[in-house]
Each structure stands twice: as C-alpha cells, then as structure tokens.
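Trainee: Pasting in a structure now, in structure tokens, and then I'll have a few things to ask.
The values are calculated or read from the model by the stated rules, or taken from the named source; none is laboratory data. Please read all numbers here as calculations on a predicted model, not as lab measurements. With ideal geometry, Cβ positions are generated from the backbone for all residues, glycine too; neighbour counts draw on all protein chains shown.
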Amino acid sequence: MKKLLLTLAISAILFPIVAQANSETLTVKISDSAGTELSSFNIPTANLGGGAAIAVADLGFDGIPEIILGNGLGNEPRVTVLRQDGSEIGNFLAYSADMGTGITLVTCDINQDGINEIVTGTQYGGGPHVRVFNNLGEPVGEGFFAYNEAFRGGINLACGDIDADGKNELVTGPGPSGGPHVRIWSFDNNSWNLKNEFFAFDANDRRGVIPFVKSDGGLVISSAKGSNIDVVSYDDQLKIKKLSTITNNSFGAIDLSEIKDETVLSLLNGQIIDENGLEKLSISSSTGGSKIAVIDLNNDGQDEIISVEARPLFGPDGEQYITVDLSEQRLYAFEDGILANSFLVSTAKLPFTTPMGIHSILAKLPWVDYTWSYSENNPNNYSLGLVPWNLRIYPHVYIHYAYWHNNFGHPMSHGCINVNLENIKWIYDWSEVGTTVEVKK
C-alpha cells in the first residue's frame, strides 16, 4: 500500500502541472533499435530552436519508465515528466525562472536508496551548477558547482556505476569553451565528494566534452564542437581502451548513448554513428540533430530509442555570426561557433522579398522612422513612425523591432526582419557593426 500511495503521489500531489504559455511544439519520437519510428507526440515549448534534453527512467515503482524532458535555450529551466503516451505527470523548475540558457539532465539512483533521482546541469551560457531532485521533484540537498562558478560554458552530465562497486557515480564535463576537465563524483552521507578527475584531451582544448557511462561499467568521453570528433573509451579502472578520431560533415556531437551494447554518437546533422564513424541510423529533427535515450520501454526484451529535438549548438565559426532561415522564420546567433540565442522572426511576405545571401551589419541605429510610399494611394504605403533598435544589413533592409504585430514565425514584412521586443533588445546589444548576417532558405 505504501508503494501505491507514493506512485499516486508522483502523478497527483507532489508533481503539480504548471501551465506554460507556448506557441511551438517539440516532437518526441519512439523508435525501434533500427530507427524505425513506432510512435510520436508533441510537447508545447516557448522556443523550439532551443531543443530539449531527455532522459528515460522509472521514477515510480511499477517498472514502467517515464520520459523526462529538460527545457532548452530560450525557455524556463523546467523539467517535465511524461508518460509514454505524452501525457504529463508534472513539472518543476530546476533553477530560477529567468535563467534561459537551457538545462542538461540525467537520471539514476545516485544516493543508493533504490529510487532514481533527476540530476540537472546548465547548457552553454549557464554556470556549472549541479542540482539533484528526488523522484517527486523535490530538491535533494543544495547542489554544488562542479567547476569555477564564473564559468559559462554549461555542463554535461552522465551517471552510472563506472567501477562496478555497486554504487553510481556522477560524471561532469564542461560544455563548449571549457577545457576537457572530467570530474567523477560520489554522493555519500548526503554530501558530494570528488572521487576522481582528469583531462580527457589536451588541457588547452576548448571544444567541450560529453561523458557517458557504459551499462557494463567504464566511461566514454567525446569532444563536442567541430567536424573532427575525438572519442576515448575507458575501462572500469579508467584505463584507456580505445582512442579514435571521427571526421564528419556535421558541426559536432551533441549526445552519447548505447544501442545494443555499442556506444553511439548523435550528431548535429541527425546521424547516429558508432565510435568508428560508421552511420548506424538517422533520426530526423526540425533542428537538425536529436537528443536520445535508449531503454526497453515495454519490457519486451528489446530496446527502444526515444528522441527529441536538440539545440543546434554549433554553427559557422567566427566571433559573431547571424543566420536567418526564411523557411523556419527563425534567427540563429552564434558566438565563436556556438549558438548563443535563437528566436522566431518575421521576414518578407509575398510579393515582397528579404534579400538572400551573405550580408553584414552596416549600422546600428537607435531610431529609424519607417515611412515608405510606393505611389499615391498605394495600399502598401506605410508610416510606422520612429522605431527603436535597428540593425541595417542592406540598403533599406533592417533587423528591427516590430511593435505592430505579434505573429512572429510567419512572413509579415515588406523586406525587413521583424523581431519582438525582448529579442531585438538582446540582438541589438549583442551584435557589432560588421557582424555577418546570412539569409537563407
């Protein structure tokens, strides 16, 4: 009876469902181990371009795994627990609601109480703050900073029994812009203890690292950013078993997992490859790549692959680079080849066009009077008055605030790139004259 009450508490009491204002949807797919889609469902999100993090584990006592999602860039740092049909059990904030960098997460029994916990970190732009929540979404302790508090590259997580001692360890790895400093933590006597640490690659490497604990023990570390991906496999005593370099046509790796006891990497182009660079399968995603989790969902002895859109974390190199995708009606802002922000925009509505090609920010203008006459009494004439926050990228074409509509994500303009108030303030302050702006389909 006690177990039954706790199970009911997960869905009815301690996991409140908090309504959120959303306009886009993430797609969670369930596929077989060959990548054939079995089912899917959509989950509302405030910013599809930020993707999500995913984990799958049984948080109750019925032996049926739940799907756990962590919001991505441009969303509240919220964790949502779902049933396998997509219905929501509940959600909670892992950090302050105004932290919009996105979160990483893993699930495992970290305190050896027989129940899985949810462990969270931050994505690029956030500090290395690790927090732990029990299966009901309640904080376990105060959390800790795995690296210097000032670091803002985010933190990648893995959890499992590395050394086959019967206890799970937490593995932390700095995100892009951080060194390859892998740390292994144990949770004993209600406190975190640093059990081991090492540099997986050269100490000056700043590509970021992704850790993964094998189901039979041992550890795999992959570099993240770049078309050349280094992968190191360690045994349960952290001795190197295999070192490989994979050259691919993607901007980098976003996830590590295991399919049929074989380590696989999820790339930003949607490919799932093994440690030798051979493609095992491909999972399509509206953002390009997918975060994946692999588990036997229905206890039939066969693993399923559960996937969700991933943050398109890497892009063109350069100190600053802006991409406007006309087909998505979305802007991507990269700094040093790493996605710093992404949001919906409105470009030209037919018969007007937004000029495609490689442009640059020609001027930053605090005010522009948008008035234009095509001919006398032409219905397309307009006079919008003085508009703040304007980035000129082409003669008479600007990235600018549009106070007169809230239909971002759909073509609306006469050629300019319309942005809402929050995002135009950000892109105006962030960008510099000379920043490359690529407009493409």
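Trainee: One residue is enough: does region 124-146 have a residue meeting the conditions out of contact with any Gly (no Cβ under 9 Å at 6 or more places or on another chain) and closer than 30 Å to E335 by Cα? Quick ask: steps written out before the conclusion?
Mentor: Here is the first cut: in region 124-146, the ones out of contact with any Gly (no Cβ under 9 Å at 6 or more places or on another chain) are 133-134, 138-144.
If we keep only those that are closer than 30 Å to E335 by Cα too, we end up with 143-144.
Yes - at least one qualifying residue is present in region 124-146.
Trainee: Right, another one. Kindly provide the set of residues from region 211-226 that are out of contact with any Gly (no Cβ under 6 Å at 6 or more places or on another chain) and of a type in the set (A, V, I, L, M), ordered by number. Outline the logic, then answer.
Mentor: So in region 211-226, the residues out of contact with any Gly (no Cβ under 6 Å at 6 or more places or on another chain) come out as 212, 214-223.
Correct list: L219, V220, I221.
Trainee: To continue, here is another question. Taking the residues in region 152-167 that are in contact with a Gly (Cβ under 7 Å, 6 or more places away or on another chain) and surrounded by 20 or more Cβ atoms within 10 Å (Cβ to Cβ) as candidates, determine which candidate is farthest from G218 (Cα to Cα).
Mentor: If we take residues in region 152-167 being in contact with a Gly (Cβ under 7 Å, 6 or more places away or on another chain) and surrounded by 20 or more Cβ atoms within 10 Å (Cβ to Cβ), then G153 is farthest from G218 (Cα to Cα).
Trainee: For E149, state whether it is of a type in the set (D, E) and in contact (Cβ under 8 Å) with a residue 60 or more places away in the chain. Talk me through it step by step, then tell me what you get.
Mentor: Values: of a type in the set (D, E): yes; in contact (Cβ under 8 Å) with a residue 60 or more places away in the chain: no.
Answer is no for this residue.
Trainee: Go through (1) buried (at least 21 other Cβ atoms within 10 Å of the Cβ); (2) modelled with pLDDT of 95 or more one by one and return the number of the condition R311 breaks.
Mentor: Here R311 clears every test but (2).
Trainee: Based on this model, can you work out whether R152 counts as within 18 Å of the chain's Cα centre (by Cα), closer than 23 Å to G60 by Cα and either of a type in the set (K, R) or assigned to a loop (DSSP other than H, G, I, E, B) (or both)? Walk me through how you get there before you give the answer.
Mentor: Details: within 18 Å of the chain's Cα centre (by Cα): yes; closer than 23 Å to G60 by Cα: no; either of a type in the set (K, R) or assigned to a loop (DSSP other than H, G, I, E, B) (or both): yes.
Against the criterion (within 18 Å of the chain's Cα centre (by Cα), closer than 23 Å to G60 by Cα and either of a type in the set (K, R) or assigned to a loop (DSSP other than H, G, I, E, B) (or both)), R152 does not qualify.
Trainee: For residues that are more than 29 Å from P316 (Cα to Cα) and among the hydroxyl-bearing types (S, T, Y), tally how many sit in region 234-282.
Mentor: Count: 1.
Trainee: Are any residues in region 240-274 over 27 Å from Q302 (Cβ atoms) and either of a type in the set (S, T, Y) or in contact with a Leu (Cβ under 8 Å, 6 or more places away or on another chain) (or both), and if so, which ones?
Mentor: Across region 240-274, the qualifying residues are S244, T245, I246, T247, N248, S250, F251, G252, L268.
Trainee: Shifting gears a bit: Residues of region 179-219 being of a type in the set (F, W, Y), farther than 19 Å from D165 by Cα and out of contact with any Ser or Thr (no Cβ under 9 Å at 6 or more places or on another chain), which ones? Steps first, please.
Mentor: Of all residues in region 179-219, those of a type in the set (F, W, Y) come to 185, 187, 192, 198-199, 201, 212.
Cutting the leftovers down to farther than 19 Å from D165 by Cα gives us 198-199, 201.
Across region 179-219, the qualifying residues are F198, F199.
Trainee: Which residue pairs have Cβ atoms under 8 Å apart, sit 6 or more places apart or on different chains, and have a first residue in region 203-221 that is over 18 Å from I295 (Cβ atoms) and touching a residue at least 24 places away in the same chain (Cβ under 8 Å) and a second that is assigned to a loop (DSSP other than H, G, I, E, B) and of a type in the set (S, T, N, Q)?
Mentor: So the pair list comes out as R206/S177; G208/S177.
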